[in-house]
Amino acid sequence: MTGIFSILSAICSLFALLCFIRIMLTWFPGAEYSPFGRVLSQICDPYLNIFRRFSFLRFSAFDFTPAIALCILIALSTFLSGISSGAAVKLGGLLAMIVSMCWSIVSSILTFLAIILVIRLVIFLLKKDGNGYYSIWDSVDRAVTPLIFRISGFFVKGSISFQKALIISIVTIIAFSVIGRFLIGFICTALMALPF
């Protein structure tokens, strides 16, 4: 029976790798329409499309649905691998793994947003005049502006500058990540201690 779980774990890992390659191909113009890209599309898109239905996983120009899809495959592979190695499966351990996986996804999104916002702040501070302002930052600004003003709105009432909203958002995201890491660690430890 453990051999079956080992094979299923390997299949999940292989499928996660194929999905990752499929996602990477979308970053290169025309690559996803190559013969290899079309084959990967037929294999991976039915699974990836399940997550594309969740609009709350998309923030303006940022789409986190592929990351969620990959995390679930990796967690399933890890779970099946644990079963195949003969480890006892307890409800507390399973719940801890689910909570840890969910936090891992949220943490990845927060880290990505923090990096984008820090880069945007540095570019904003270095830009002395209108020259050299790249259109990519226009796109980033359109994507992050509603988010940063919503975050800063929790702390500052009234209007504030774009720079202050960026700084408040960066600090908030970093603080939330640090506090969340400790809280999730505590919750996972408590779940693992459950006798069942």
Scoring only Lys, Arg, Asp and Glu (+1, +1, -1, -1) among other residues with Cβ under 12 Å from the Cβ of ILE68 yields +2
Treating only the Cβ atoms of Lys and Arg (+1) and Asp and Glu (-1) as charged, compute the dipole magnitude of the chain about its Cα centre; round to the nearest 20 debye.
360
Kindly rank 39-46, 95-102 from highest to lowest mean number of other beta carbons found within 10 Å of each residue.
95-102, 39-46
Could you work out the longest stretch of the chain that avoids the trypsin sites (Lys or Arg not before Pro) located in DSSP loops with at most 15 other Cβ atoms within 10 Å?
1-52
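In nm, what is the difference between 0.36 nm times the number of residues separating VAL171 and PHE124 and their Cα-Cα distance?
Working: separation 47, 0.36 × 47 = 16.92 nm, distance 1.67 nm.
Extra length available between VAL171 and PHE124 comes to 15.3 nm.
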Mind checking which of PHE154, ILE187, PHE5 is farthest towards the positive end of the chain's charge dipole, using Cβ charges of +1 (Lys, Arg) and -1 (Asp, Glu) about the Cα centre?
PHE154
Option label - volume of the Cα convex hull per residue in Å³ computed here, alternatives (i) 123; (ii) 112; (iii) 147
(iii)
Over the chain, with the other protein chains present, what is the accessible area per residue in square angstrom, probe 1.4 angstrom?
62
As a test question: what accessible area, to the nearest 10 Å², does PHE176 have when a 1.4 Å probe is rolled over all protein chains in place?
120
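The values are calculated or read from the model by the stated rules, or taken from the named source; none is laboratory data. These numbers come from a predicted model, not from an experiment. Note that each Cβ is placed from the backbone with ideal geometry, even for glycine, and that neighbours are counted across all protein chains shown. The area values use the complete protein model at the heavy-atom level, side chains included, leaving out ligands, DNA and RNA. Shrake-Rupley method; radii C 1.70, N 1.55, O 1.52, S 1.80 Å.
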